[in-house]
1. Which of the residues belonging to the stretch 172-202 are in contact with a Ser or Thr (Cβ under 7 Å, 6 or more places away or on another chain) and within 21 Å of Gly265 (Cα to Cα)?
2. Considering every residue within the stretch 246-266, establish whether at least one is surrounded by 13 or more Cβ atoms within 10 Å (Cβ to Cβ), over 16 Å from Ile33 (Cβ atoms) and either among the aromatic types (Phe, Trp, Tyr) or at pLDDT 75 or above (or both).
3. For the stretch 42-73, enumerate the residues that are under 30 Å from Ser163 (Cβ atoms) and crowded, with 18+ Cβ neighbours inside 10 Å.
4. Got a number for residues in the stretch 11-53 being over 28 Å from Leu226 (Cβ atoms) and over 15 Å from the mean Cα position of the chain (by Cα)?
5. Here's a check for you: in the stretch 212-235, which residue that is surrounded by 13 or more Cβ atoms within 10 Å (Cβ to Cβ) and of a type outside the set (A, V, I, L, M) is nearest to Ile249 (Cα to Cα)?
6. Do we find that Tyr280 is in a helix (DSSP H, G or I), at pLDDT below 80, under 27 Å from Val16 (Cβ atoms) and aromatic (Phe, Trp, Tyr) in this structure?
7. Suppose we keep only residues that are under 30 Å from Arg210 (Cα atoms) and either among the polar types (S, T, N, Q) or not assigned by TED's automatic domain parsing to the domain that holds Gly220 (or both) within the stretch 242-281. Which one would you say is nearest to the chain's Cα centre (by Cα)?
8. Any idea which residue in the stretch 67-86 is modelled with the lowest pLDDT, counting only those that are basic (Lys, Arg) and within 13 Å of Leu56 (Cβ to Cβ)?
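The values are calculated or read from the model by the stated rules, or taken from the named source; none is laboratory data. Computed from a predicted model, the values in this text were never measured in an experiment. Cβ atoms come from the backbone with ideal geometry, glycine included; neighbour counts cover every protein chain shown.
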Amino acid sequence: MAKKKKISAGTSMNVVTACISTTLMLILLGTVIFFVCFAHNFSNSLKENFTVTLMLDENITQKQAYNIQSRLRKLPCTRSLNYMSKEKAQRELAAGLGTEETDFLGDNPLSASFELRLKSEYANSDSLNKILPPLRSDSLIVDVSAPQDLMDSLNRNIRHISSVLLIIALLLTLVSFVLINNTIRLSIYARRLMIKTMRMVGASYGFIRRPFIRKAIAIGIISAILACAILALGIYNLVKYDPEIQGLITWQAVAFTAGAVIVCGLIITWLSAYISVSHYLKMSRDKLYTN
């Protein structure tokens, strides 16, 4: 009886250790995945702040300006459109210079314009080279300006950062698999003799693997739930510390992070249990006592 209690306590301790180790690795993996999603949202936010300015002919009529506005709104690249009249442009210039509108002599020299904000997927040189020429060919649009150099620089930096984060995520996934596999393998090691005995009495590989895989999946589920809870608490505290970043933490990013943690937890623990049990099933009886 005492021996059975000792074995049961040892098995329970192995399960607890496996849960803790798996949870820690999933938290680390989830953190990297979350920041990959956060970086993606942040880059999209930066791209959507780029503005294409279209200066209009000073003699343009209200109807012609409305027609151009309707045309711009129909473009697939348009995220938002703002019309700046000559009077509004003069007021903003006066406010920026700290003067009154009456201080300007003569006619208003400023032109009406449209400020076109692009969707993030169109904020690149290739898209602009297709969008801008037709606009520049319009006789009512005297000038079209876009920050292409800044856009190209940002896109290059985003690609480099994304590549680094992707490599880190892949390396961390590999490290997580190795460490979780070792943890699961140690928990199965204590029952290696039972595995061989079951095989000797004629039990099939599938029958022997089933309880170990079920236990490993249970460890994966528990660890994934714990990891998601801790990550959710971390995200909550992050938003509480800096409310301005709340717009960058979308429900899609949170859902993707949680889904990735759960899937990785299940796959890694299932695969680790399958490999470990197969290892001991194929091991000779002499090696069972020496390993």
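1. Across the stretch 172-202, the qualifying residues are Leu179, Ile180, Asn181, Thr183, Ile184, Arg185, Ile188.
2. No: the stretch 246-266 contains no residue that is surrounded by 13 or more Cβ atoms within 10 Å (Cβ to Cβ), over 16 Å from Ile33 (Cβ atoms) and either among the aromatic types (Phe, Trp, Tyr) or at pLDDT 75 or above (or both).
3. Taking the stretch 42-73 as the starting set, the residues that turn out to be under 30 Å from Ser163 (Cβ atoms) are 42-52.
Result: Ser43, Lys47, Phe50, Val52.
4. 8
5. So, considering only residues that are surrounded by 13 or more Cβ atoms within 10 Å (Cβ to Cβ) and of a type outside the set (A, V, I, L, M), the one nearest to Ile249 (Cα to Cα) is Gly234.
6. On the way: in a helix (DSSP H, G or I): yes; at pLDDT below 80: yes; under 27 Å from Val16 (Cβ atoms): yes; aromatic (Phe, Trp, Tyr): yes.
Judged against the criteria, Tyr280 is a match.
7. Initially, the stretch 242-281 is screened for residues under 30 Å from Arg210 (Cα atoms), giving 256-281.
Okay, now just the ones that are also either among the polar types (S, T, N, Q) or not assigned by TED's automatic domain parsing to the domain that holds Gly220 (or both), so 257, 269, 272, 276, 278.
Values: Thr257: 7, Thr269: 23, Ser272: 26, Ser276: 32, Ser278: 35 Å.
Step by step, filter the stretch 242-281, then rank; the result is Thr257.
8. In the first step, residues of the stretch 67-86 are kept if they are basic (Lys, Arg); the result is 71, 73-74, 79, 86.
Adding the requirement that they be within 13 Å of Leu56 (Cβ to Cβ) leaves 71, 86.
On the way: Arg71: 89, Lys86: 69.
Out of the qualifying residues, it is Lys86.
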